[in-house]
Every structure is written in structure tokens, then in C-alpha cells.
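Here, each number is a calculation from the coordinates, and none is a lab measurement. This is a predicted model, so every value here is computed, not measured. Every residue, glycine among them, receives a Cβ derived from its backbone with ideal geometry; neighbour counts consider all protein chains shown.
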Amino acid sequence: MSASRAVSILSFTPSNNLQHARYAHKRLSRQFALLSRAQIGRTRFHPTTSHVAVIANSRQTRWESSASSPESNKQKPPPPPPPPPPSFRLLLRALRQSLSLRPIIGAFRDQSLRSLFRQSPEELVIAIILLSVISGACVYVAYAYFNYFQSEQFTRFPPEIAKSLRRALYYSNYAPDHKLALKYYRLALEQCTQAGLDPFSDEVMGLRIQFAAWFEKIGSHKNAINALESLLRDNKQWVAVMEKSVRDGLIDNSGKLTNASKQPATGEGADGSETTEVFENMWAKRTRVLGKSVGISVKLGELYSDEHVLQGDSAGEHLEWAVETVLKELQRRQNEGVKEGEGDWMTPEEIGGALEALGNHYESKSQHYLAAPLFLQAIPLSPPNSCHTAVLMNNLASSLAQQPFDTSAESNDVSKAKGSNAGTLPRRSVLLASARSWALQAQKTAEKIEGENRTSECDETCAVALCNLGEIATMTGDIQEAQLKFQEALDLSKRVSFEPGVVQAEEALQRLSVTPPTGPR
């Protein structure tokens, strides 16, 4: 069938039905597809008006049938309304359900645990261990947060200062960054000044001391010394101004300014009731600032004596000032009495620490005749059940054994004839006997300490005391006694892993091995 015939048949089809039009259109397309290129080339197809009318009629019929279909007459349902916003009760209920422990508790019931253990015992044990570890970690994190970031050392500061201080400590201890730590320490100090905090309060002075301690921690001893020197200078200046005000009559015995109002300040508490704010009087503040200055001066003496600084003269000056200040304050209180609100002076342990520090300084300079009295005064100030008391006794024994002594008996006779003992030196035998007595007492004191008070310092002190007894026996010429004490010191030092004691005892035994044994002189 030719293409012209197919078109003519389609044009004379009397029906305008939609199905006939679609069928005719498909049939025409199929017939055109079956024609080859040669046939199309041989048969010239010239579309006429009737052909165009047939195609247009087909499109119009198709559009009308689509418009008049019953599906188009149906109206589309409106979209569903948006869900209402979740209320607070719904959120609370969802949160409560998510945090409910009922599923976990139900899983750990006897029946459930038995069935789970029978099915997979290894997985159940691992799950319990992991759950315990996670729970412990959560508890530790919560404890660390409230114990550190919400501790009193931060909450006593205003929020902005506390924030800077937290960052300074974070970059000092947890994520070390020297530049950022220095930045936030300085920012915290500047914020304290801007907030008008008392520069001599425990909070501000503690911040400055912490700043110096951080410098020492990173090995910047010079900056640590400068920070503490600045704080000590400010404290001394305040104490001097306060004492001058007392002498001028500007401050009375109650520690209040003479021209100040006697009415205490009142404020409104959190519950609306009036509260009376109690202020620290000048005498109480002087005690606190002066005691803090003594501790700072002792610390400066330690820093100046450090191997990275080695400024012995400066160390001696600060330690001597600390001891003199302690003794002068004790004498003032004995003569004038304790002022109103002044409070207690330094504790016995703090006073003994200052005396011991100065004694160690004199001993490092081989000034044993100055160190021995300081150790002697520090011993009764130390707790009797403390290992450090035995350390002080050992130091005293060492100082007595190394003091200069008088070898001639004539000098003593001349001094007695003149009626004065000034300038005379004790005899060697007296010094060594006293040193041996204190070394034995140190050993006994360290051995009898038990329980929580006993630390590794006690065992080390016993080893040092035995070495001191060996040295004293060597000085008196009793080589056998010396070898016995050094051997005991060596055995004890090895047992407690005290390396300095092992070295000292071995060197002493090697030195005595070439010395012929003799009896005591």
C-alpha cells in the first residue's frame, strides 16, 4: 500500500471519535515506518488541505476528550494542615521517655540476664564492662567539672575574671601554650584592677603568686623572681603605711580609722532582709599581709638559691628578713599584747619552716655555727610524729659535727683566766658527742613513726642517720663502728631504693677498706 493511498483513506474516514483518531494516528505512523527510503523517494507525497484538517481535527478531539474526562471534574483535596508546634509538655514527655531507665533495668532483670547470658555470655560481659566504664567516665567528668571549674578558687572572682583565670590555667596545665597562658594571666590581673578588687586580698595576691609559680614551672626563674619581688614590695609598702598611720593616731587599737563612721554597713540580702557586712579591720589585715610576705620572702630565698640563678647573697637577705620579721612580731605581741581582731600569728610549722630555710642557707655556705641554732629552734616547732622532725635532727647532727672546734686546751685556760668565754670554741669531743646523740635520736624518731604519718622520708632519714653515725665514728677513730654503720646504711638504702644513700655508703666503705681498724680515741 502506497503512502498516498493510506493518507487518502484516513482523510475520508467519516468518524471523529477519539479512539478512531488515536488508532488512525498509530496506524499511519506504523505505515510510514514500514516504508523504505526508496519507496518514499519514488512516491511524491504532497500534503493537501484535507490532510492538514485531519491532523488538526485529531489534536482538537484529543484535547477536548482530555478536558471533558471525569477525572478532571473532580476537585483535588486541600493539603493537610501543618502539624502544631511541639509544646513544652510534649518536649518534656519525650525527654523523659528518652532518659527512662526502664528498658535498661528490664534488661538486667534475673530472667533477662539469664537468657542473655545463655545466648551470648561473652557479649553480655563485654557490654556490662563497657557500660560500667562509660558510667564511671561520666561520673568523673561531672565530678571534675564541679570540683575544678566550679570550685571556690573561681567562684570567689567576678565572672569575667573567673573566665580569664580558667583559660589561663587551661593553657598552663591541660593544653600548654605559653603565649596564651601569659595573655590570660595578664588579662585576669588587669580585670582585677578594673573591677576595683582589693590588691591585698587573698584572691588577688593568690593570683599573683600563681602567676609566679607558672613562670617557675616553665623554667623562667627570672620572671618568677620579678613577680614575687613586685608583690613583696607592695606588701612591705602597705605595712609601712599602716604602721605609720598607727603612730600618727589615724588608726586606733580596734583597727579602725579614727575619722571613720562607727556604723557598720548594712545591705539587703537575697531574701530581702537586711544583713550586716563585717569588714576586716586594719590589724587583721596587717597580720594577713605580713604573714603572706614572710612566705613570699622564704620562696624568694629558695629561688635565688636555685642552680639556675645562684645568687646566694640575695637569698640570704630574704631569708634573714623573713626570720627577723617572725621574731619581731612575736616579741611585739608579747610586749604590747594582741590587738582587737588581730588574730593569731603564723603557725608553729610555718615559723619552723622559715628557721629551717635560713639554716639550710647557712649550711650551704658552710656556716654551720649559724645553722645549728636555727635547726635547734625549728625542732620543737615541728610535729613530734612527723618524719620531717627526724630530718631536722639529722641536719642538726651534721651541723654540729662540722663546726669548727678548739684543739688547744691552753686557749680555754686563758679565756677562763680573763673571766670571759666570748670568742671561745667548743671542744671537738663535745661537738662529736652532741652530734652522735642527735643522730641516734633522729634514727629512733624515724623508726617509731607508723601508720599514715610514715612516709618514704622516714626510711631515707634512717639511712642518712646511719651514714652520719658512721662519719662521726670515723672522726672519733672507731673504724669498726664506722664500717658497721655504713654497712647498715647500705643495706637499708638498697631495700628502700634510696640511691644517694647507696652511693654515700659504698664510697665510705671503700675509703675505710684501706684504713687500718683502730679503736675509739
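Put a dot 7 Å past each Cα toward the Cβ at HIS178 and THR258; how far apart are the dots in nm?
The modelled label-to-label distance comes out at 5.4 nm.
On average over all directions, what projected area in square nanometres does the stretch 438-479 have, based on the convex hull of its Cα atoms?
Directional mean of the projected Cα hull area for the stretch 438-479 stands at 2.8 nm².
Go through the stretch 156-217 and name the trypsin sites (Lys or Arg not before Pro) that are in a DSSP coil and have 15 or fewer other Cβ atoms within 10 Å of their Cβ.
In loop regions of the stretch 156-217 (DSSP not H, G, I, E or B), the sparsely surrounded trypsin sites (Lys or Arg not before Pro) are ARG156.
Ranking request for peptides 234-241, 369-376: highest mean number of other beta-carbon atoms within 10 Å first, then the rest in descending order.
Those peptides, ordered most packed to least, come out 369-376, 234-241.
Could you work out how far apart the two model spin labels at HIS308 and ARG186 are, taking each label as a point 7 Å from the Cα in the direction of the beta carbon, and quote it in nm?
Between HIS308 and ARG186, the simple spin-label model gives 2.0 nm.
With unit charges on the beta carbons (Lys and Arg positive, Asp and Glu negative) and the dipole taken about the Cα centre of the stretch 298-390, which residue among PRO384, GLY341, TYR304 sits farthest to the positive side?
Comparing the listed Cα positions along the dipole, PRO384 ranks first.
On a C-alpha basis, how far is the centre of the stretch 160-200 from the centre of the stretch 475-515 in Å? Whole number, if you could?
A separation of 52 Å, based on Cα centres.
Step through the table entries LYS222/LYS244; LYS183/LYS217; LYS217/LYS328; LYS328/LYS365, compare each Cα-Cα distance with 22 Å, and write down the pairs that go over it.
LYS222/LYS244; LYS217/LYS328; LYS328/LYS365
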